[in-house]
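Note sheet for the following structure.
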Amino acid sequence: MRVIAGELGGLSLTTVSGRSTRPTGAKVKEAMFNILNPYLTSKTIGVDLFAGSGALGIEAISHGIAQMYLVDKSHAAIKAIKANVSKTHLDDRFKILPISAQQAIQQFIQKQLKFDLLILDPPYVQHVNPDIVATFIENKLLNAQAIILLETDYDLQDRHRSDCSVIAAKQYGQTFVEIWQYKGK
């Protein structure tokens with residue numbers, strides 16, 4: 001697996017073996033970031049709640065965002081994330097949290113953090129819980145116009161929120177990708 005484009009384009013990344021993570025294929029990742037790129041700035045702060053190897057967050061940093069929080073409760077995933085972040089030589093732009101998504105959300109609420117990019121790409125055995133997006137919105141963890149990237153192995157059509165607009169909804173084989181923009185203030 002490699003970083004597709006940007007400052008770190010071509011960088012080889014360590015993967016997490018097994019079915020505990022859902023690695024995003026190169027073509028899917030490239031398509032996602034072609035859509036996301038206009039929304040990413042040098043001030044964007046992002047969070048990947050199910051980071052796996054950290055590949056999507058590292059790709060976002062490569063595209064110029066300011067900071068990325070990488071959250072995963074798996075020891076194997078955290079080991080891969082640390083190795084991959086080290087390869088970037090941009091360690092100061094990452095925050096690695098070896099805890100569950102729910103624990104991370106509680107920390108974000110306590111610290112009153114706000115994000116411009118929320119990535120939800122859970123492992124094969126989990127589904128994107130629409131309550132996670134609701135929790136981020138209800139607890140004011142998303143800035144106005146924040147981008148939400150959802151990657152699943154099932155269609156999300158019936159899960160759209162009225163306070164988010166759908167920027168893109170695409171299917172790549174068995175992978176469904178939706179990109180939403182939060183319409184909040």
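FYI, it's all coordinate maths here, none of it is from the lab. Just so it is clear, the model here is predicted, and its values are computed rather than measured. Cβ placement follows ideal geometry from the backbone for every residue including glycine, while neighbour counts extend to all protein chains displayed.
Quick notes on this one:
- Projecting the Cα atoms of Y182, S53, I96 onto the charge dipole of the range 26-182, computed from C-beta unit charges around the Cα centre, puts I96 farthest toward the positive end.
- Taking each residue as 0.36 nm, the span from A66 to D92 lengthens on full extension beyond its C-alpha to C-alpha distance by 8.4 nm.
- Amide H contacts under 5 Å for A5: G10, restricted to partners 5 or more places along the chain or on a different chain, H placed in the peptide plane at 1.01 Å from N.
- Among A134, A80, A60: highest mean-square fluctuation, GNM of the chain, C-alpha pairs under 10 Å: A134
- For the options N84, N139, N34, a Gaussian network treatment of the chain with springs between C-alpha atoms closer than 10 Å singles out N34 as fluctuating the most.
- Restricting the trypsin sites (Lys or Arg not before Pro) of the range 1-98 to loop positions (DSSP other than H, G, I, E, B) with no more than 11 neighbouring Cβ atoms within 10 Å leaves R19, K43.
- Per-residue HN-Hα couplings for the range 169-178 [Karplus 6.51, -1.76, 1.60; θ = phi - 60°; Hz; x = Gly/Pro]: 9, 9, 10, 10, x, 8, 9, 10, 10, 10
- Note: relative contact order over the chain, using C-alpha pairs below 8 Å and six or more positions apart, is 19 percent.
- Environment charge at F108 (Cβ cut-off 11 Å; Lys +1, Arg +1, Asp -1, Glu -1): +4
- Choice from G173, G64, G52 with maximal GNM fluctuation in the chain (Cα, 10 Å cutoff): G173
- Annotation for the range 48-72 versus the range 169-183: alpha-carbon center distance of 18 Å.
- Using 0.36 nm per residue and subtracting the Cα-Cα separation, the extra length available between Q171 and H75 on full extension is 31.5 nm.
- Note on the chain: lysine pairs with Cα distance below 17 Å, sequence gap of 8 or more or different chains, count 18.
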